[in-house]
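Nothing in this text is a laboratory measurement; each read-out follows from the coordinates by a stated rule. Quick caveat: nothing in here was measured; it's all calculated off a predicted structure. When we count neighbours, we look across all protein chains shown, and the Cβ atoms used for this are built from the backbone with ideal geometry, even at glycine.
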Amino acid sequence: MLYGIGMGAVTPDTAAGFIANGATQLASSFSVLLGSSTAPVQYAGLAPGYTGLYQVNVQIPELPPGDYPLTVQVADVTVSPGVISIGQ
């Protein structure tokens with residue numbers, strides 16, 4: 001799971017300041033890469049029980065042990081917030 005803020009609009013629309021019920025999805029396209037491998041996104045929306053916090057559930061692809069740069073793209077904005085280490 002990845003958490004963040006400021007990822008944009010969700011559907012259905014949730015008013016600012018209200019606690020999310022978990023039935024939202026990002027309205028914009030969203031993708032996650034580990035190195036050059038796509039990490040399938042299973043959920044991207046507001047984190048249930050929180051206000052203004054986004055939750056992204058991704059499946060880690062099968063990769064050999066090592067450190068992989070994390071790249072997140074929401075619509076036309078790309079960020080690289082860190083590195084994911086995969087062990088044996």
Fill in: Reported label for calculated log10 I(q)/I(0) by the Debye sum over Cα atoms at q = 0.13, 0.14, 0.19 Å⁻¹ given (1) -0.52, -0.57, -0.78; (2) -0.44, -0.50, -0.83; (3) -0.67, -0.75, -1.03
(2)
Discussion item. Using Cβ contacts closer than 10 Å as the measure, can you line up Ser28, Ser80 from fewest to most?
Written reply: Ser80, Ser28
Worksheet item: Sorted by mean Cβ packing within 10 Å, highest first, what order do the peptides 39-50, 8-19, 66-77 take?
Response: 39-50, 66-77, 8-19
Fill in: Residues with amide H under 5 Å from that of Thr24, placed H, sequence gap 5 or more
Leu46
